[in-house]
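A short write-up of the structure that comes next.
Nothing in this text is a laboratory measurement; each read-out follows from the coordinates by a stated rule. None of the values given here were measured: they were computed from a predicted structure. Glycine also receives a Cβ, built like all others from the backbone with ideal geometry; neighbour counts cover every protein chain displayed.
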Amino acid sequence: MTDRTESNDGIEQLEVWCTGEEWCPVTTTATLIGKKWHPVIVHRLLEYGPSGFNELKENVDGISSKVLSDSLDDLEENQLINREIVSEKPVRVQYSLTTHGQSLEPVIYAMHEWGQEHITNISD
C-alpha cells in the first residue's frame with residue numbers, strides 16, 4: 001500500500017513505496033487509474049464535464065451501478081473527482097474532476113490514441 005502526505009497546496013501526495021526510481025511513477029499512476037473503469041470514468045468526465053450518477057452510467061456503457069458507485073468512491077478517495085450534492089430533495093449528486101483529476105487529461109488521451117492505433121476491429 002501507499003502512504004499519503006499532504007503537499008503545500010493541500011492535495012495529498014502519494015509517498016514512494018517502490019524502489020525503482022525509473023518505474024515508480026508508472027506504478028503510482030497505475031495505482032490511481034489502473035482499475036478497469038477508472039480511466040473510462042475520467043475520460044467521460046473530461047469529455048462531458050460534470051455529470052450525475054445516472055448520466056455517468058449511461059456514458060460508461062456496460063458498467064453496473066455497484067461498480068460505478070465503488071469506482072466513484074475510490075476516485076474521490078484518491079482526490080481525482082469531487083462529489084457534490086446539488087439538491088437535497090430529491091437527492092441529486094454531481095461528479096466532476098478535481099484539478100488533480102484534470103491533470104490526467106494527457107494520460108487519458110494518450111491511452112485513447114494508442115488504443116485507436118492498435119486495436120483491431122472485432123470483425124477482422
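Some notes on this structure:
- The charge dipole of region 20-96, taken about its Cα centre with unit charges on the Cβ atoms of Lys, Arg (+1), Asp and Glu (-1) only, comes to about 300 debye.
- Mean Cβ count within 10 Å, highest first, over the residues of peptides 110-118, 69-77: 69-77, 110-118
- Size of charge dipole - region 51-124 - debye, nearest 20, with Cβ of Lys, Arg +1 and Asp, Glu -1, no other charges: 320 debye
- For region 47-112: span of alpha carbons on each principal axis (Å, largest first): 40, 26, 20
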